[in-house]
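Undergrad: Dumping the structure here so I can ask a few things about it.
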Amino acid sequence: MASIQQFQPSAPADLIINALIQDGCAVIDAVLQPDQHVKLKRDLGAHLSAIPDCQGDFYGYATKRLGLLFNKSDVFYDMAIHPSILAVMDHFLLPSCSQYQINLTQAISIGPNEPRQIMHQDDPMFPFMHPGAEVMVNCMWAIDDFTETNGSTVLVPGSHTWPRQESLNLALNDLPADQISLGTMKAGSVLIYLGSLFHCGGRNETQERRCGAVISYSLGWLRQAENAYLGYSLAELQAMPAKLQELIGYFVHKPNLGSINGRHPLDFVKDPANPNLFTEFLPEAAKPFVKAFRNDSLSKAAA
């Protein structure tokens, strides 16, 4: 069985990034403090107990799924903007966008006797070929211990480097055991894996549920899988840290993608009636060229 590199929370971000470059996945152990984990498990458990299992061949029939996690527990705030996590996202996503975003939040509680999920990559939700660049990176947080028998994520380390002839490939379900690894980890740890990595939910052979929570990040100019604009009220939005407000989608991706009548979306939702000037949101590198061209045009017109 292939192995997954594991790191302590104090590990330099460069080491985690290098592991992801090499393997496409890595685990950071014991990121959450014990009191955070206790609160998170209590908060999330109350919501999960109130919903039924999914009904789908991909989502499962003995698995519960729950989105919009930032109004389920404020512990998710710290998880989403953890410095090591953001350093990873800076490395893999910022080369292809001016700002990245949270693509999806989802708690996944796999019930007893749920079979293994089909092997898949997550990035085909964006159906275009993007060789050599990542468009999304996922973080699977362990709410319960992830063990060899309770449905730990099944991963194929190194598969993010395999050549791709198509966006969606669901044919890799009979790989040899030495290419596969299980994302086992203690509760409070996080498994980071690239959107191009082949993986799936594992079979739960126990009589207990196994819960994890995904926080997924993507390029800021792609549509998010989870519609956070309709999912969070203004009061819930205002309770979030400023960085998290941006990450769930309230930002302008330069140039001018996501503005509202020439305004920043956060300014708009806080005061929609304010008749501010129509503002442009240009990349910093473009501003001097645009300004110089305008000044030159004015000079020629005055001559």
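Bear in mind these aren't lab numbers, they're just calculated from the coordinates by the rules spelled out. Keep in mind the model is a prediction, meaning the values are calculated, not measured. Cβ coordinates were reconstructed from backbone atoms using ideal geometry, including for glycine residues, and neighbour counts include every protein chain displayed.
Undergrad: Under the Kirkwood approximation applied to all pairs of distinct alpha-carbon atoms, what is the hydrodynamic radius of region 48-176 in Å?
TA: The answer is 17.0 Å.
Undergrad: A further question follows. Tell me, what is the FRET efficiency for residue 233 and residue 299 to the nearest 0.05, using R0 = 41 angstrom and their Cβ-Cβ distance as r?
TA: According to the calculation, E is roughly 0.20.
Undergrad: In whole Å, what is the distance between the alpha-carbon centres of region 129-175 and region 66-109?
TA: 18
Undergrad: Return a single number: how many Lys pairs in the chain, at a sequence separation of 8 or more or on separate chains, have alpha-carbon atoms below 14 angstrom apart.
TA: So the count of such lysine pairs works out to 4.
Undergrad: Can you classify region 8-63 as rounded, prolate or oblate using the Cα gyration tensor, where a ≥ b ≥ c are the square roots of its eigenvalues, rounded means a/c under 1.5, and otherwise it's prolate if a/b beats b/c and oblate if not?
TA: Verdict is oblate for region 8-63.
Undergrad: Between residue 57 and residue 171, what is the label-to-label distance in nm when each label sits 7 Å out along the Cα-to-Cβ direction?
TA: Once both label points are built, they end up 1.7 nm from each other.
Undergrad: While we're looking at this one, here's another question. Within 10 Å of each candidate Cβ there may be at most 12 other Cβ atoms; applying that plus a DSSP loop requirement, which GluC sites (Glu not before Pro) in region 109-182 survive?
TA: Taking region 109-182 and a limit of 12 other Cβ atoms within 10 Å, the loop GluC sites (Glu not before Pro) found are 148, 166.
Undergrad: Oh, and also: What does the highest-first list of 49-57, 27-35 look like by mean Cβ count within 10 Å?
TA: 27-35, 49-57
Undergrad: Next up: Distance from a point 7 Å along Cα→Cβ of residue 47 to each backbone N in region 181-214: keep the residues under 12 Å and list them by number.
TA: Inside the label zone: 213-214.
Undergrad: Can you give me the angle between helix 13-23 and the longest principal axis of the chain, using Cα atoms only, in degrees from 0 to 90, rounded to the nearest 10?
TA: 60
Undergrad: Enter the angle in degrees (range 0 to 90, nearest 10) between the Cα long axis of helix 287-302 and the first principal axis of the Cα atoms of the chain, meaning the one along which they spread out most.
TA: 20
Undergrad: What are the extents of the Cα atoms of region 6-247 along their three principal axes, in Å, largest first?
TA: The Cα atoms of region 6-247 stretch 46, 46, 35 Å along the principal axes, largest first.
Undergrad: Show me 212-220, 183-191 ranked by packing, highest mean number of other Cβ atoms within 10 Å first.
TA: Packing proxy ranking, top to bottom: 212-220, 183-191.
Undergrad: Same structure again: Placing +1 at every Lys and Arg Cβ and -1 at every Asp and Glu Cβ, with all other atoms neutral, what dipole size does region 6-247 have around its Cα centre, in debye to the nearest 20?
TA: Charge dipole of region 6-247: 380 debye, to the nearest 20.
Undergrad: Considering only C-alpha atoms, what is the centroid distance from region 263-288 to region 12-63, in Å?
TA: Their Cα centres are 35 Å away from one another.
Undergrad: Oh, and also: Using a basic spin-label model with each label point 7 Å from the Cα along Cα→Cβ, how many nm lie between residue 74 and residue 277?
TA: 3.8
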